[in-house]
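Below: one structure, written as structure tokens.
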Amino acid sequence: MNLKSILAATAITALGAMAHAEGVKVGMITTLSGGGAGLGIDVRDGFLLAVKMSGNSDIEVVVEDDQRKPDIAVQLADKMIQSEKVDVLTGIIWSNLAMAVVPAATAQGKFYLSPNAGPSALAGKGCNPNYFNVAWQNDNLHEAAGGYANSAGFKNTFILAPNYPAGQDALTGYKRIYEGELAGEVFTQLGQTDYAAEIAQIRASGADSVFFFLPGGMGISFLKQYADSGVDLPVVGPAFSFDQGILQAVGDAALGIKNTSQWNKDLDNEANVEFVAAFQEEYGRLPSLYASQGYDTANLLLSAMAKADVADADAFRAALKEADFESTRGDFEFASNNHPIQDIYVREVIKEGDVYTNKIIGTALEDHSNVYVEECEM
């Protein structure tokens, strides 16, 4: 089956015109329109690429656009569970949408595999045996950024993030590891595009550095305005604001910035080399962090399908927990709360020919888990 056939099949099933095939039926709810569309498109494309490469005809994928709206995501999840009869849900990018969908889905006995959003509320007391995060726990990359800030000698950082669960986790994670003082701490509006006021605060703060978490279009807007402002403080952040799709829109303003990630295209392991080459051949562009996460999520699911029937929930859950697949990240395993244990790297934004991209320059955290494990009782 080629990729066009897979996408055609998902469109048909979304209209309810295809019978439930034997095997596993996956409901993918992700952001395919609006300011965060690039993130959801990359998760979808990475996931579908893994399905295509596997040649497994026992997996059926229904794809829907949540429009980055929690109420739409909830409606789609209800439809997929009750009408489409999906076995597994995946795809959500934004943590506020995950908080609206995941608890209800797992309460109904469905498996949820997160390719991105990892809110702390679902890692600690709100954990569930049927919820697996294949990307990270939200705090992780920000903790690594705090560690890098220490090694870089930053003593007075100004920090900012949007006011929603992932933004709150971001600043919490950075402060957990960062040892210096804070010149300022600001929560912006989710979806904000004008950062003149925040940049004025940074200018007046006496900061020696800036840490920010502004994913998707928010990061593009901030970086362009920051570069034009004349403020010349070093910047550090997580990969979300310096990923492959974003860098092309930001351009030279991002060059040299250090950012943290659990993946990069230059990780030298067999699975990643194969993924990067296959993604470029299939889509004509370099893969992003989000694409790698979609790809890994599909391969985790496929590995469980090879060992157990999804109708046997206990066996399927155990097969997922084993994480018996070759990750693009290299070593990968789940902590007891079903979130990754993995290395997190420091990357630097560079330019290769006409393409802005990242290269790994060091390891920030090795075999890193999350602080919420002890709060999870399951």
With a 1.4 Å probe and all protein chains kept in place, how much accessible area does K321 have, in Å² rounded to the nearest 10?
80
Computed [θ] at 222 nm, helices only, for the chain once each DSSP H run of length n ≥ 4 contributes -39500 (n - 2.57):
-13000 deg cm²/dmol
Report ³J(HN,Hα) in whole Hz for each residue of the stretch 309-314, in order, from the Karplus equation J = 6.51 cos²θ - 1.76 cosθ + 1.60 where θ = phi - 60°; Gly and Pro get x.
8, 4, 5, 9, 4, 5
Considering the values [x] 73, 41, 41; [y] 63, 50, 43; [z] 61, 46, 38, which represents Cα extents along the principal axes in Å as calculated for the structure under consideration?
[z]
For D324 the rounded accessible area (nearest 10 Å², probe 1.4 Å, non-protein molecules ignored) is 90
So how far apart, in nm, are the two label points at A204 and K125 if each is 7 Å from Cα heading toward Cβ?
3.9
Calculate one ³J(HN,Hα) per residue across the stretch 77-93 by plugging θ = phi - 60° into the Karplus curve 6.51 cos²θ - 1.76 cosθ + 1.60, and present them in order as whole Hz with x for glycine and proline.
5, 4, 5, 5, 6, 8, 9, 7, 6, 6, 9, 9, 10, 7, x, 5, 8
Could you pull out every residue, at least 5 positions away or on a different chain, whose amide H is within less than 5 Å of the one on I93? Hs are placed 1.01 Å off N in the peptide plane, and Pro or chain starts have none.
T31
In Å and on Cα atoms, what radius of gyration and Dmax does the stretch 234-277 show?
12.0, 35
Mind checking the per residue accessible area of the stretch 124-199 for me, 1.4 Å probe, whole number of Å²?
35
Of K224, K125, ordered by accessible area with the largest first and a 1.4 Å probe, the sequence is K125, K224
Residues whose modelled amide H sits under 5 Å from the amide H of G124, counting only those 5 or more places away in sequence or on another chain, are none
How would you rank 24-32, 213-221, highest first, on the average number of other Cβ atoms within 10 Å across their residues?
24-32, 213-221
Any idea what the relative contact order of the stretch 337-378 is, in percent, if you count C-alpha pairs under 8 Å spaced at least 6 apart?
45
Taking the simple approach of a point 7 Å from Cα along Cα-to-Cβ for both S83 and A104, what is their distance in nm?
1.4
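Expressed in nm to one decimal, what extension gain is obtained for the pair D354 and V371 from 0.36 nm per residue of sequence separation less their Cα-Cα distance?
2.1 nm is the gain from fully extending D354 to V371.
Give the accessible surface of the stretch 327-378 per residue, rounded to a whole number of Å², with probe radius 1.4 Å and ligands, DNA and RNA excluded. All intermediate terms of the calculation are to be shown ahead of the outcome.
Values: 2490 Å² over 52 residues.
Spelled out: the 1.4 Å probe surface of the stretch 327-378, per residue, equals 48 Å².
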Gained length - A197 relative to Q280, 0.36 nm times residue gap less alpha-carbon distance
25.9 nm
Along the chain, longest interval not containing exposed GluC sites (Glu not before Pro), exposed being DSSP loop plus at most 16 other Cβ atoms within 10 Å
23-178
Taking alpha-carbon centroids only, the stretch 40-100 lies from the stretch 263-328 a number of Å equal to 16
Could you work out how far apart the two model spin labels at Q248 and F187 are, taking each label as a point 7 Å from the Cα in the direction of the beta carbon, and quote it in nm?
3.5
Please compare each pair in K85/K307; K69/K224; K321/K359; K155/K175; K110/K321; K79/K125 to a cut-off of 20 Å on the Cα-Cα distance and tell me which ones are over it.
K85/K307; K69/K224; K321/K359; K79/K125
How much of the accessible area of the stretch 101-159, probe 1.4 Å, is carbon plus sulfur, in whole percent?
52
Percent of accessible area on the stretch 228-378 owned by carbon and sulfur, 1.4 Å probe?
42
Springs between alpha-carbon pairs under 10 angstrom, Gaussian network model over the chain: which of G124, G180, G230 fluctuates most?
G230
Accessible area, probe 1.4 Å, largest first, for residues Y131, Y148
Y148, Y131
Out of all DSSP beta bridges in the chain, what portion is antiparallel? Express it as a percent rounded to 5.
35
In terms of modelled amide H atoms, which long-range or inter-chain residues lie less than 5 Å from the amide H of L190?
N163
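Relative contact order for the chain: what is it in percent, counting Cα pairs under 8 Å that are at least 6 residues apart?
Details: 805 pairs, mean separation 66.3, N = 378.
Relative contact order for the chain comes out at 18 percent.
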Per residue, how much accessible area does the stretch 206-290 show when a 1.4 Å probe rolls over the protein heavy atoms, in square angstrom?
34
Which stretch or stretches of the stretch 54-79 have amide N atoms under 19 Å from the point lying 7 Å from D309's Cα along the Cα→Cβ direction?
57-60
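The values are calculated or read from the model by the stated rules, or taken from the named source; none is laboratory data. Values in this document were obtained by computation on a predicted structure and should not be read as measured data. As a convention, Cβ positions derive from the backbone with ideal geometry for all residues, glycine included, and neighbour counts pool all protein chains shown. What goes into the accessible areas is simple: the full protein's heavy atoms, side chains included, and nothing from ligands, DNA or RNA. Shrake-Rupley method; radii C 1.70, N 1.55, O 1.52, S 1.80 Å.
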